[in-house]
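K.L.:
The structure that follows is given in the form of structure tokens.
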Amino acid sequence: MRTTICRFTAFRLPTKSSVGVRMTASQGRGKPSGNLSNDALSSFPVMQYAVLANPMVYASEGLRGALVPQVPHIQLPAVIAVLVVMAVGILSPLMVLPAWLAALRARLRHPSPAGTARIAVDAISVQCRDESRRPLAPSAYLSRVAVIWNGAFMAENANPPGSGAVTITLPRPLMEPGEIDSLDLVVDFSAAAPEGSIELMVFGDGVAAEDLNLGTPVTLAAESGADLPMLSGLCRLETPPRDLVVDLQSLMPAALAPDGRTVPAGILALTNPAQPGSDSILVDHVALLGAGRSLAAAAVGQAASRVEIYRQGVLIAQSASLTRDSVSAYIAFAPAVRVPAGPAGVLLDVRWVTAVTGYPATFRMGCDAAGIGVVQPASALLQVQVTPAQGKTFPLWSGAGVFGGAGLRESYSNFPNPFAAGRGATSFAYYLENAGRVTLRILTPGGEGVATLVSDEPRPAGMNQSDLWDGRNGNGNVVRNGVYIAELTVSYGDGSRDRVRRKVAVVR
């Protein structure tokens, strides 16, 4: 099928909620005589025998029914039948067209009284026109056109012609006098359909039906106050989205602690580069991978016990609990994440809960194209391609974090080390079992003060790594190359204190 964008630019609807057309049948070779009593006909014995000999004489049908009721009644020809269009232009604007898209809905009614002939509906013919009512080649736009009769599939034309009307031959459904039947005209757009406007029309001669008694055509005509042809409404076909661009912006901490706390991995950016106003792309899941610092594959479950996805600070989905042999983390979205067309895209905040035992030395998280669960169109010709952001290749990876101990002394470190003073900065990482107040100073190997980075400031329990040194002294001057001492002092609420030191190398 053609999955494409449909936007209505006009609805040619009548002013009334329903409109109708009239089908007029042949009047036959006589008129009904009405109901006559046997007493009234007893003086016409010749007529009695004539009727018995030839019951197909319509002029005497009512007479025969009164004289010889045991002979099967022959129906009178259909006098009138009415086709009422209940709704037209029933496509929703700006949507991806699914298979079998309902385009026009009608109601067929046979209003003649009981005893008249049934009507057989043989075919429906549909024409394709553009916004100027010029004919379009059906095969260029439609791959299938079908008729749904009373809610059930009845017939289709899966090979529309290159010109003219698309005719759907029906298995001659019969309409009894007084019967009302519903008819839905549904279409499947071709995957190769060009952009442009299209409207489906059923003209007065587009419904082929006949009087079942006489075999004569039933003529279609508009009801009073209504017009033919029946219209689907004008819609605009546009090229659907064909690409989803994926990027991963790393937020992975340089230092990790195996304490079961939630830490960030990165921002997964999904962008639909189609023109604004085009349809959205749906993503119903992501599958995230794990690796070490060297990019050697590693099971996600070795480092993480669970992976969570947030959007604008709100948790929208999470994986099941992971085990050490969980190679990837599968996160399903319900409902699917909708990525609208345009440069803004959708930003998904990926976070994970650290394992507490059996963790690896280093860990990073990423994804490949197969891990982005795009809800694909039915047509293979319209598959959405998942591509990496410009300048990147799949798989996309976050930075690598290093697992340390869940304590102050074993966790205290700085990244990078050495670092280029004046051109970069180093980040200090340390783990606090309890919240405390921190002082961080830079000293020379001889103990002289160089700079105070943090002075008795509160820090929460857990891994802290937001304190930086840019390689400048207290006067703002870049220090010389060499080794310096970073002294960290922590004061806890119970009055206890802890102090650790480490060497920091500076290069310029």
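The values are calculated or read from the model by the stated rules, or taken from the named source; none is laboratory data. It should be emphasised that the depicted structure is a prediction, and the values quoted were computed from it without experimental measurement. Every residue, glycine as well, gets a Cβ built from its backbone with ideal geometry; the counts of neighbours run over all protein chains shown. Quick note on the areas: whole protein, heavy atoms, side chains included, nothing else; ligands and nucleic acids left out. Shrake-Rupley method; radii C 1.70, N 1.55, O 1.52, S 1.80 Å.
K.L.:
Please tell me if G260 is not in a strand (DSSP E or B) and not polar (S, T, N, Q).
P.N.:
Taking the combined requirement at face value, the residue satisfies it.
K.L.:
Could you check V454 against (1) assigned to a strand (DSSP E or B); (2) surrounded by fewer than 16 Cβ atoms within 10 Å (Cβ to Cβ) and say which number it fails?
P.N.:
Tallying (1) assigned to a strand (DSSP E or B); (2) surrounded by fewer than 16 Cβ atoms within 10 Å (Cβ to Cβ), V454 fails exactly one: (2).
K.L.:
A follow-up question, please. I'd like to check something: does segment 155-174 contain any residue that is among the acidic types (D, E), free of Cβ contacts under 8 Å to residues at least 24 places away in the same chain and open to solvent by 50 Å² or more (accessible area, probe 1.4 Å)?
P.N.:
The answer is yes; a qualifying residue exists.
K.L.:
When you look at N481, is it open to solvent by 70 Å² or more (accessible area, probe 1.4 Å) and of a type in the set (S, T, N, Q), yes or no?
P.N.:
In short, yes.
K.L.:
How many of the residues making up segment 223-257 are open to solvent by less than 60 Å² (accessible area, probe 1.4 Å), assigned to a strand (DSSP E or B) and closer than 19 Å to R293 by Cα?
P.N.:
Residues flagged as open to solvent by less than 60 Å² (accessible area, probe 1.4 Å), assigned to a strand (DSSP E or B) and closer than 19 Å to R293 by Cα within segment 223-257 amount to 4.
K.L.:
Give the residue that is surrounded by the most Cβ atoms within 10 Å (Cβ to Cβ), with candidates limited to residues of segment 417-435 that are within 19 Å of S496 (Cα to Cα) and touching a residue at least 60 places away in the same chain (Cβ under 8 Å).
P.N.:
Y430
K.L.:
Does at least one position in segment 186-207 carry a residue that is open to solvent by 10 Å² or more (accessible area, probe 1.4 Å), at pLDDT below 90, of a type in the set (S, T, Y) and in a strand (DSSP E or B)?
P.N.:
Checked segment 186-207: at least one residue is open to solvent by 10 Å² or more (accessible area, probe 1.4 Å), at pLDDT below 90, of a type in the set (S, T, Y) and in a strand (DSSP E or B).
K.L.:
While we're looking at this one, here's another question. Would you pick out the residues in segment 457-508 that are over 53 Å from the mean Cα position of the chain (by Cα) and of a type in the set (D, E, K, R)?
P.N.:
R472, R480, E487, D494, R497, D498, R499, R501, R502, K503, R508
K.L.:
Let me ask another. Which one of these does T354 not meet: (1) open to solvent by less than 10 Å² (accessible area, probe 1.4 Å); (2) closer than 30 Å to F189 by Cβ?
P.N.:
It fails just one condition, (2).
K.L.:
Related question: Being of a type outside the set (F, W, Y) and closer than 20 Å to R409 by Cβ is the requirement here; does E457 meet it?
P.N.:
no
K.L.:
From the list L231, L256, pick out the single residue that is touching a residue at least 12 places away in the same chain (Cβ under 8 Å) and closer than 30 Å to P177 by Cα.
P.N.:
Among L231, L256, only L231 is touching a residue at least 12 places away in the same chain (Cβ under 8 Å) and closer than 30 Å to P177 by Cα.
K.L.:
Then there is this: Restricting segment 288-305 to residues that are of a type outside the set (G, A, S) and open to solvent by 20 Å² or more (accessible area, probe 1.4 Å), which is nearest to V353 (Cα to Cα)?
P.N.:
If we take residues in segment 288-305 being of a type outside the set (G, A, S) and open to solvent by 20 Å² or more (accessible area, probe 1.4 Å), then Q302 is nearest to V353 (Cα to Cα).
K.L.:
Next question. In this structure, is T271 farther than 30 Å from V186 by Cα, assigned to a strand (DSSP E or B) and in contact (Cβ under 8 Å) with a residue 12 or more places away in the chain?
P.N.:
When the stated conditions are applied, T271 passes them.
K.L.:
Same structure again: Every residue in segment 306-324 that is of a type outside the set (A, V, I, L, M) and either within 21 Å of the chain's Cα centre (by Cα) or surrounded by fewer than 18 Cβ atoms within 10 Å (Cβ to Cβ) (or both), please.
P.N.:
Hits for segment 306-324 are Y310, R311, Q312, G313, Q318, S321, T323, R324.
K.L.:
What number goes with the only condition from (1) closer than 30 Å to D368 by Cα; (2) outside any strand (DSSP E or B); (3) touching a residue at least 40 places away in the same chain (Cβ under 8 Å) that M463 does not pass?
P.N.:
Result: M463 fails condition (2) only.
K.L.:
Continuing with this model, one more query. Quick test for you: out of V337, V402, V346, V327, pick the one residue that is outside any strand (DSSP E or B), surrounded by 14 or more Cβ atoms within 10 Å (Cβ to Cβ) and out of contact with any Gly (no Cβ under 6 Å at 6 or more places or on another chain).
P.N.:
Result: V327 is the single residue among V337, V402, V346, V327 that is outside any strand (DSSP E or B), surrounded by 14 or more Cβ atoms within 10 Å (Cβ to Cβ) and out of contact with any Gly (no Cβ under 6 Å at 6 or more places or on another chain).
K.L.:
What tally of residues in segment 357-366 results from selecting those that are open to solvent by 70 Å² or more (accessible area, probe 1.4 Å) and of a type in the set (A, V, I, L, M)?
P.N.:
1
K.L.:
Now for a different question. Limited to segment 113-132, what total is found for residues that are among the hydroxyl-bearing types (S, T, Y) and buried (at least 23 other Cβ atoms within 10 Å of the Cβ)?
P.N.:
Residues flagged as among the hydroxyl-bearing types (S, T, Y) and buried (at least 23 other Cβ atoms within 10 Å of the Cβ) within segment 113-132 amount to 1.
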